[in-house]
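Notes to accompany the following structure.
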Amino acid sequence: MPSPSRYGFGISQITLRLMMLLFLFFARAASGLNLTALLSTVPELSQFTSLLASATPLAADLSDRSSLSILAVPNAYLAADDHLSRHHLSPAALADVLRYHVLLQFLSWSDLRALPPSGKLITTLLQTTGRATDNFGSVNLTRDSQSGVISIRSPAPYSPSNATILSLVKTLPYNVTIFAVNSLLIPYGLDLMASETRPMVLNITSALVNGHNFNVAASMLAASGVEQEFEADEGGAGITLFVPVDDAFADLPPSVALQSLPADKKAVVLKFHVLHSYYPLGSLESVVNPFQPTLATEAMGAGSFTLNISRVNGSVAINTGIVQASITQTVFDQNPVAIFGVSKVLLPREIFGKNPTVSTKPLDNAPPPDDDALSPENSPGFDGQPSHLSSPPGFREDVRSHAGGAGGSLNFVVLLCCIGLYFVV
């Protein structure tokens, strides 16, 4: 039955319910992600939720992140697990163990069913702290083709700690997924008694060598002399590096004589792979202005050497105008430095021109490079005005705290919903 309004027209109960659902959706989006609150709705995970709540540093670690997958241990399995009692973990060590259960990638159940036979290496929140040896802050997910069982283990050989995914518990699409696992995961080689306040000194070349798939880029960076400049830029707004995997250099056609470039141009190409701000993966996935200046832009002039960053089929795509690459993995991510592996060498057309022999393998259904839209003359910032992604964590906090950023926009939408409901009802 329609409900009469004060203005004489009717509105159905279904319409009212839809409007209330819309209101609740925007209200939840405006409030942000509270992982502990989300887990507390699942009684079988109450003990794991209590561990998360007791590890207070995790709240700050997760406050600006999205696209996560959580590996939660149900009460029955946690009670039978002797890892906590056997290791007598300090609060700092417990926080690191729990970070190992936070995957920095949104994985759906269909993603797990599509895992390749060799498995997939996923970065965890622990890897971003710099306290994990090599890539032992990551986990390797594998699926048995016969039984369908999905296993989680350290990439370290002969690691004694592993687990199996039991079920999908809850999903907030493209934001967070919670999986139940049958065991607590202890990171291999982690000094569980190390202090969380231990200072971290990042050597970019060493971080790439430890990534095991960036030897060419690490050698070029060490030989170029620009590494010191990059590390000096870690202060302030920080930096974000897009580093090609070794296969990307092998795939370059003979016409791209990258190693034969003069030293100054080679340095510009390297700077073209770096943004002068810290952007975690979640910020890159929610691009506001896709055209981004690089360190090469600062060296060569406004409007030149920009990157077009967008989200394509769930992945972050980076377009230079002649090459389109995608982010393949997170190498390192801790404010103020983020390092991501990319599938292609980012070739600036200011140096390589519109070379038709540069072959690219764009993502499925990805738009081809747009010569006009990507030309330096048409790039945002050509008139000298800087362009930015959505503000990264720690960047312009004073503006965000007063203006409200995206949260302020959502609160405004919620207010409009309330006003609309008032007049309708």
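The values are calculated or read from the model by the stated rules, or taken from the named source; none is laboratory data. Just so it is clear, the model here is predicted, and its values are computed rather than measured. Cβ placement follows ideal geometry from the backbone for every residue including glycine, while neighbour counts extend to all protein chains displayed. Note: accessible area is taken over every heavy atom of the protein model, side chains too, but ligands, DNA and RNA are not part of it. Shrake-Rupley method; radii C 1.70, N 1.55, O 1.52, S 1.80 Å.
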Q. Residues in the stretch 87-94: is at least one at pLDDT below 80, in the same structural domain as ASN182 (by the TED database), among the hydroxyl-bearing types (Ser, Thr, Tyr) and over 28 Å from TYR278 (Cα atoms)?
A. yes
Q) Here is a list of conditions, (1) at pLDDT 90 or above; (2) open to solvent by 70 Å² or more (accessible area, probe 1.4 Å), and VAL139 meets all of them except one; can you say which number that is? A) (2)
Q) Taking ARG153, is it assigned by the TED database to the domain that holds LEU68, in contact with a Ser or Thr (Cβ under 9 Å, 6 or more places away or on another chain), among the basic types (Lys, Arg) and open to solvent by 20 Å² or more (accessible area, probe 1.4 Å)? A) yes
**Q.** Of all residues in the stretch 152-164 being among the polar types (S, T, N, Q) and more than 10 Å from ASN182 (Cβ to Cβ), the one that is modelled with the highest pLDDT
**A.** SER154
Q: May I ask you to verify whether LYS354 is among the charged types (D, E, K, R), modelled with pLDDT of 50 or more and in a loop (DSSP other than H, G, I, E, B)?
A: yes
Q. Of the residues in the stretch 39-79, how many are closer than 23 Å to SER286 by Cβ and open to solvent by less than 30 Å² (accessible area, probe 1.4 Å)?
A. 6
**Q.** Filter result (closer than 20 Å to PRO244 by Cβ and modelled with pLDDT under 90) within the stretch 264-277
**A.** HIS276
